[in-house]
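One structure below.
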Ligand SMILES: [Zn+2]
Ligand SMILES: [Zn+2]
């Protein structure tokens with residue numbers, strides 16, 4: 001139900017962006033020669049990094065007791081997130097995330113393909129974070145990636161322990177602002193998951209996202 005509501009709000013956001021583009025209020029451009037080629041890549045990295053920052057602080061704010069119930073509790077109904085959880089937002093939260101998309105199209109010159117790429121990154125990221133099995137963390141490269149980028153294990157811990165892991169794409173803000181679970185690096189090692197989960201939820205044994213190879 002919440003996923004459908006969120007989809008409706010994101011559809012309204014798309015309609016607003018289209019109308020704003022038609023009326024000339026956005027800085028979306030279609031001719032690739034309007035800005036240099038390197039700017040295409042730079043602008044994509046820029047909007048990803050800005051979104052990561054925007055999300056961290058709005059997400060952390062949404063966990064404030066005065067905001068949580070109406071802004072973010074819907075997303076946390078699921079303790080064991082699945083891909084269906086990925087798009088389950090309270091309407092107010094969906095609006096906050098939509099404001100970011102509208103804001104960048106008004107403020108930053110963006111080629112249409114960059115906007116499409118950002119929406120694909122958002123969608124893929126949301127699915128991976130709520131996938132229910134760890135896709136990459138069960139290898140050396142995966143552990144390195146998992147320590148710097150938000151994956152299923154990282155976000156799963158947030159659904160279990162609300163005071164850690166507010167980041168969207170990169171673990172940077174959680175590391176810098178002290179909201180990364182202190183045993184996280186060890187949690188990434190499947191061998192130690194039981195010990196560390198005991199530290200997250202004392203006295204409880206619960207399934208932890210398992211590496212993809214061992215999921216079947
Ligand atoms: Zn949250
Ligand atoms: Zn989530």
Practice item. Only one of these is in contact (Cβ under 8 Å) with a residue 40 or more places away in the chain, surrounded by fewer than 19 Cβ atoms within 10 Å (Cβ to Cβ) and within 23 Å of residue 131 (Cβ to Cβ): 82, 53. Name it. Key: 82
Practice item. Residues that are within 13 Å of ligand 1 (Cβ to nearest atom): find the helices (runs of 4 or more DSSP H) completely inside region 85-187 holding 1 or more of those. Key: 91-107, 112-129, 152-160, 172-176
Study note, to complete from the structure: How many residues of region 42-65 are out of contact with any helix residue (DSSP H, G or I) (no Cβ under 7 Å at 6 or more places or on another chain), assigned to a helix (DSSP H, G or I) and either within 15 Å of residue 162 (Cβ to Cβ) or at pLDDT below 95 (or both)? The answer is 3
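Tell me whether region 37-45 contains one or more residues that are within 21 Å of residue 150 (Cβ to Cβ), within 16 Å of ligand 1 (Cβ to nearest atom) and either in the same structural domain as residue 163 (by TED's automatic domain parsing) or exposed (fewer than 13 other Cβ atoms within 10 Å of the Cβ) (or both). So that I can check it myself, show each step before the final result.
Just the residues of region 37-45 that are within 21 Å of residue 150 (Cβ to Cβ), to begin with: 44-45.
So of that shortlist, the ones also within 16 Å of ligand 1 (Cβ to nearest atom) come out as none.
Checking region 37-45: not a single residue is within 21 Å of residue 150 (Cβ to Cβ), within 16 Å of ligand 1 (Cβ to nearest atom) and either in the same structural domain as residue 163 (by TED's automatic domain parsing) or exposed (fewer than 13 other Cβ atoms within 10 Å of the Cβ) (or both).
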Revision key, fill the gap. Matching residues in region 66-75 (within 14 Å of ligand 1 (Cβ to nearest atom), part of a helix (DSSP H, G or I) and surrounded by fewer than 18 Cβ atoms within 10 Å (Cβ to Cβ)) number 4
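Matching residues to (1) within 16 Å of the chain's Cα centre (by Cα); (2) within 16 Å of ligand 2 (Cβ to nearest atom):
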| position | (1), (2) |
| --- | --- |
| 65 | no, no |
| 70 | no, no |
| 75 | yes, yes |
| 84 | yes, yes |
| 89 | yes, yes |
| 94 | yes, yes |
| 97 | yes, yes |
| 100 | yes, no |
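The values are calculated or read from the model by the stated rules, or taken from the named source; none is laboratory data. Note that the structure is predicted; figures quoted are calculated from it, not measured. Cβ: placed from backbone, ideal geometry, glycine included. Neighbour counts: every protein chain shown.
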